1. What are the GluC sites (Glu not before Pro) within the range 192-269 that DSSP puts in a loop, where the Cβ has at most 16 other Cβ atoms within 10 Å?
2. Pairs Lys120/Lys160; Lys20/Lys284; Lys120/Lys200: which are spaced more than 24 Å apart, C-alpha to C-alpha?
3. Leaving out same-chain residues fewer than 8 places away, which aspartates and glutamates sit with a Cα under 14 Å from that of Lys89?
4. Filter Lys94/Lys292; Lys37/Lys141; Lys266/Lys333 down to the pairs with a C-alpha to C-alpha distance above 26 Å, please.
Amino acid sequence: MFSNTPAKRELRIAGTHSGKPVTITPQAEPIYHELVKLARRGNHWAQITVNAINQLASGRLHQNNIFIKPSAMNRGGTEEFVMILPGCKVTAEKLERDGFRILHFEADLNYGELIDREEKPSLYAATKRDQGWTVSTPKRKAQVENKEDRVVSICDSGYKNPRTAAQTASNRITSSPISGGGITIDRHGFDLHYTPGERKLGGLRNYKNAIRPLKNEKLHESAILLAKTMYDARNIKGVRWISEFGGSGILTQAMRILSDQKVQLKEHYVFLVNPTTSPNEAYKAASAAGLKFDRKFSSTDMLNYIGNRDQLELIGNRLRFEGGNDGSYTLLKASADVIEHGKSLQGAGAFMGTLAATAGLSLSAPASAAAFLTALGTAAATAIGLGKMGNAMVKAWLPKHHDKLKSKF
C-alpha cells in the first residue's frame, strides 16, 4: 500500500489492430507465455488453447475446441466464464466495453506426456493383425483418417489401455447397421476415441449423470477433443460416429458443443450401441448438429434400464424432427418401434420376475435395490440356463464375458 513501485499494466495479447481487445492479468502472464512457447514448437493441445484465446478478439468463441461454463455476473457489468480446453482451464472476463480479460490459467504443461502415457483422452487408429487388434500411437492432431465412410468408435471408459478398448469396441460396433459389419471393420479398421478411467460411464450406478449427460463435467475434456475431431472431419464424406456403452455420454456432449457453435455435419452418420446414458439427449444433440440416422438410432439390450427409460420420448422426437410428408421416419415406423419397445419391456419384466423367483425374492416385497441385485448375482448360474433370457442377462450385466464368448464364434 505504501510502495512506490507502479502497478504493472495488463498486456494486450489479441485484438491489437482489429477486433475486440483481449488483455491478460500479470498473474496469468507466465503460464500464457509458456503455452505460447509450446504452441510454437508444434504442441497441439497448447495450440488449441492459444488459438481459442486469440479467437476471443473476433467476438465469438472458438467453435472447434471450446466448452464454455458461465460463471457469475460481477458488479459493473462484467461477466466471468471458464473456457474448458484440453489440458487447460482458462478463467476469463467479458468486459462491459465489449472486450475480454484473461484472469487465471489452470494448465498442465505436461499434458502431451500424459497423452503418450495413455492417461488422457486421445484418438488412435485401430487395425486388426494376425495376433489381434493393435492401435497406433496417439494421433497428434486427433484427426480422423481421410477416407470416405470412415468408422470412428467412441468407447466407454474403464478399459486397461487403448488396445483392450479396441478389441472390445471392434466386437460391439459391428452390430451397428452403419458400421458395414464385421468383415468391413476387420478389413479396414477404425479410429478409436479413447477415454482413460477406472470406472465405466453412465448406467444405474451413475444414475444422475446417466440421465443428464450434458451436466457431467468429468466428460468435458474428452468431449472437447471429440468435438474438435468431428469438426476437423466435416469435409470427409460419410464418416460414421458409433459409440459403445458409456461412450454415448461423450458423444452427446461433443455433438452439443458443435450444435451450440452452429456447426453442421450433414454428410455424417451416428449410432449408439447399447448406450448407458440417455439416448434421447444424444438424439436431440445429433439432430441439432445435422447428423444423419439409419432406420434405427440405437440398439439397446432389454435389461439396460438407462438405454430404455426414454425410448418413447426418443421415438416422439424422431417423428417430430424426421417426420412429415418428405420425412424418412414415418408414423408407421414410429408405431412399429413403440410395439418393439413394449415387447422389450414385457420380456425384461418377465425375466426379472423369473430371476427374482429363482433367487427367492418377490418383486413386490420391500427389499432394497442392493439386496435385490445381490440376489440376482447369486441366481446367475440358474439364469444362464434360461436360454435366450440368460444370454440377455450375461450381455447386460457381464458384458466383458459376453464379448469374450462372442469373439470365439
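Values in this text are rule-based calculations from the coordinates and carry no lab data. Just so you know, these numbers come straight off a predicted model, no measurement behind them. When we count neighbours, we look across all protein chains shown, and the Cβ atoms used for this are built from the backbone with ideal geometry, even at glycine.
1. Glu198, Glu267
2. Those over the limit are Lys20/Lys284.
3. Those aspartates and glutamates meeting the cut-off are Glu80, Glu106, Asp108, Glu217, Glu221.
4. Lys94/Lys292
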